[in-house]
Amino acid sequence: MKRTKHKNINGWLIVDKPAGIGSTDVVNQTRRLLDANKNGHAGTLDPFATGVLPIAFGEATKLIPYVTDGTKEYEFTLKFGTATNTDDTEGEITARSDIIPSREQILSVLPQFTGTIFQVPPAYSAIKINGERAYKLARKGEDVNMPPREVKIYNLDLLKQISADSFYFRVQCSKGTYIRSLGRDIALKLGSCGHLETLRRTKCAIFTLSDTILLENLKNMVYEEERLSLLLPIETSLRDIAVIAVSAEDAVKLRHGQSVSPKSYNVKNLIGKVAVAKCDDCLTAVVKIETGKISPIRVFNF
């Protein structure tokens, strides 16, 4: 069967993911809506979660790691008094507690959850154990032994009390942090149990909610040109990385995977760092700058 030819589209589409669908579902839907050849997401969101989901198209997919590795920000509601096997509202209740901490008690333990901490990911997660997703093992009723992992919590704030047993938080954290685990562990530290009622990602690397479009609004656009107009340039995700202008000759070398000499460029302050190489304002490569050479890490073909 002849493969249908789709468009070569390059750039970022930042979707406000709705609850109830997975990140891969959003990737598939946006690829069809933009009639694109290739796309992928940066930073998985559980079906339960909503918020910022960056979708890379075409050459932007080469930059997914730089977004995935960036700082994340979430807002979440933690309900005390009941635990579930998924640590959110989608699971079955596994424990109950009459202990509902006060605002003051919660504030007293938050410093213990900032900085570098170790957490055990939820059994219902996409982490692979012996080649199989943990959530698949959990659904089979198998015991899932999740090893603790090191993560960083940069800021953790209690924003408000929602009800007698529910509190609303904001957290800034590193890649790999499970907010469901964080909520569960806060409750356990206070002698109670708990699960997340809501989870919303408000920032992923440099992308925020102000960059997003609702998936439903994207579907309701009549013309494809409208959807394409929402794409952000590829280099948007490299906003915080230094830029160097390279010659046409060096641009060709970099695109062919060859290193170039740094002698012609003012890069003394960038030794050991990553930068963006451009030629005539056109994105050429992401490069590593070393004392004797500038080496390509990711090259772009337009």
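The values are calculated or read from the model by the stated rules, or taken from the named source; none is laboratory data. In this text, all values refer to a predicted model and were calculated from it rather than measured experimentally. Note that we place each Cβ from the backbone using ideal geometry, even for glycine, and neighbour counts take in every protein chain shown.
At-a-glance table
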quantity: So N269, is it within 29 Å of the chain's Cα centre (by Cα) and without any contact (Cβ under 8 Å) to a residue 24 or more places away in the chain; calculated: no
quantity: Single unsatisfied condition, S210 versus (1) under 30 Å from L53 (Cβ atoms); (2) assigned to a loop (DSSP other than H, G, I, E, B); (3) free of Cβ contacts under 8 Å to residues at least 12 places away in the same chain; (4) of a type outside the set (V, I, T); calculated: (2)
quantity: Residue pairs meeting the criteria (Cβ under 9 Å; at least 6 apart or on separate chains; first more than 13 Å from I294 (Cβ to Cβ), in segment 242-263; second among the charged types (D, E, K, R) and surrounded by fewer than 13 Cβ atoms within 10 Å (Cβ to Cβ)); calculated: A248/D280
quantity: L53 being under 11 Å from the mean Cα position of the chain (by Cα), surrounded by 22 or more Cβ atoms within 10 Å (Cβ to Cβ), among the aliphatic types (A, V, I, L, M) and part of a loop (DSSP other than H, G, I, E, B); calculated: no
quantity: Filter pass, L230 being assigned to a loop (DSSP other than H, G, I, E, B), surrounded by 18 or more Cβ atoms within 10 Å (Cβ to Cβ) and either in contact (Cβ under 8 Å) with a residue 24 or more places away in the chain or charged (D, E, K, R) (or both); calculated: yes
quantity: First in segment 93-104 and closer than 13 Å to A187 by Cβ, second anywhere and in a loop (DSSP other than H, G, I, E, B) and modelled with pLDDT under 95, Cβ under 8 Å, 6 or more apart; calculated: T94/N85
quantity: Of all residues making up segment 267-286, the number that are farther than 8 Å from I244 by Cβ and either aromatic (F, W, Y) or out of contact with any helix residue (DSSP H, G or I) (no Cβ under 6 Å at 6 or more places or on another chain) (or both); calculated: 10
quantity: Any chance L209 is touching an Asp or Glu at 6+ places or on another chain (Cβ under 6 Å) and modelled with pLDDT of 95 or more; calculated: no
